[in-house]
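The values are calculated or read from the model by the stated rules, or taken from the named source; none is laboratory data. None of these values were measured; they are calculated from a predicted model. Here the Cβ is made from the backbone with ideal geometry for all residues, glycine too, and neighbour counts use every protein chain on show. SASA here: full protein model, heavy atoms, side chains in, ligands and nucleic acids out. Shrake-Rupley method; radii C 1.70, N 1.55, O 1.52, S 1.80 Å.
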Amino acid sequence: MIGMLYEKMMIPGSCKLGKKVYKKLFLENAKLTSSDKNALQNDVESIFWQYTFKSTTLPIQPYEDDIREYHEVALLEVNLKKEKRVDRLCEMIHRSIPYPLLLIFCFSDQPSEIKNQKCLLSLANKRFSHADRQAIVAEEFAATPWLDLANATENQGRFLKSLDVSTWPHTHFHAFYQAAMERVIALACSDHTGVFSLGDGQGFSGENRFDLLQEIDKLEQEQSEIQRKLRGEKNLGYQVQLNTQRKHARDRIEVLKSRL
């Protein structure tokens, strides 16, 4: 199943690496909490550095400014035994490796059945730490839902088609990576708009859309909390107040969705 994804990405053979990454490298060199170590040891079957994108494998220039450096991009394939803590593993791996990563997680309820395998793509932007330029900070984490490549929805199909790396900007590696980020964000937007679209026609960049999604998520959490309070509230006056707050949150969400 993972082969179907790589076929969609049309990655040049020059980028192929296929190198196994041993878990002990994270355990010995990364700053991991006990929970991180537990998830790595018990949930991860294997990690492979499948492709490396750098100037010697693709005609793309390194990028550096006062905030960040993108000299290369690595594609890591993470095969899971358990999927429950995938969010934690996403953050742990992104924070452990200093250069930008395309993480592809693979999982199957029946490990022997490749056809039942599903995939999840995870990205995170990187920048220099404000306190120490030698330290790299991961932020703006973005991920797809689990994708069943053989049974993709219409929007997921459009997303997969957009992963052809030959169509991404080749000016420098920051633009190249932002193209990947834009596509993951566009898929998340399609859950709200019903349409997968890379161009919104309103001048919003991928970063703007990311911020809008974050605000929508925050407001949806507020709605859930208000709904929880309403279920146990007996005071009529406070019920009215909570319902007003819920309506304001709902109206604000609709405004934000219209800007995606």
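For the chain, the dipole from Cβ point charges (+1 on Lys and Arg, -1 on Asp and Glu) about the Cα centre works out to 600 debye, to the nearest 20. Helix 86-96 versus the longest principal axis of the chain: what is the Cα-based angle in degrees, 0 to 90, to the nearest 10? Approximately 50 degrees, to the nearest 10. Normalised by 2.2 N^0.38 Å, where N is the number of residues, the alpha-carbon radius of gyration of region 139-260 equals 1.33.
Counting only other residues whose beta carbon sits under 12 Å from that of LYS31, what net charge do I get with K and R as +1, D and E as -1? That works out to 0.
In the chain, the longest principal axis of the Cα atoms and the axis of helix 173-193 are about 30 degrees apart.
Taking label positions 7 Å along the Cα-Cβ direction at both SER258 and TYR238, the computed distance is 3.4 nm, reported to one decimal. Full extension of the chain between LYS81 and SER46 yields a length gain of 11.7 nm, computed as 0.36 nm times the residue separation minus the alpha carbon distance.
Remark on ARG68: its backbone amide H falls under 5 Å from those of PHE128, a criterion applied only to residues 5 or more positions apart or on other chains, H modelled at 1.01 Å from N. Hey, what D do you get for region 57-205 in µm²/s if you plug the Kirkwood alpha-carbon radius into Stokes-Einstein at 4 °C and 1.567 mPa s? In µm²/s, the coefficient is 78.
Between ILE47, ILE93, ILE67, the GNM of the chain built on Cα springs shorter than 10 angstrom shows ILE67 fluctuating the most.
Between the listed residues VAL44, ALA131, LEU212, the Cα displaced farthest toward the positive end of the dipole of the chain, a dipole computed from Cβ unit charges relative to the Cα centre, is found at VAL44. Amide hydrogen proximity for HIS172: with H placed 1.01 Å from N in the peptide plane, the residues at 5 or more positions away or on another chain lying under 5 Å are GLN61. Using a probe radius of 1.4 angstrom, the carbon and sulfur fraction of the accessible surface of the chain is 48%. The residues of region 154-200 expose, per residue, 39 Å² of accessible area to a 1.4 Å probe. A compact globular protein would have a Cα radius of gyration near 2.2 N^0.38 Å; the ratio found for region 1-132 is 1.10. Charging the Cβ of each Asp and Glu at -1 and of each Lys and Arg at +1, and nothing else, the dipole of region 1-53 about its Cα centre rounds to 180 debye. Within the chain, all pairs of alpha-carbon atoms sorted by distance into 5 Å bins from zero give the percentages 1, 5, 11, 14, 17, 16, 14, 9, 6, 4, 2, 1, 0, 0. Taking the helices alone, the chain has a mean residue ellipticity at 222 nm of -14500 deg cm²/dmol, built from -39,500 (n - 2.57) per DSSP H run of at least 4 residues and averaged over all its residues.
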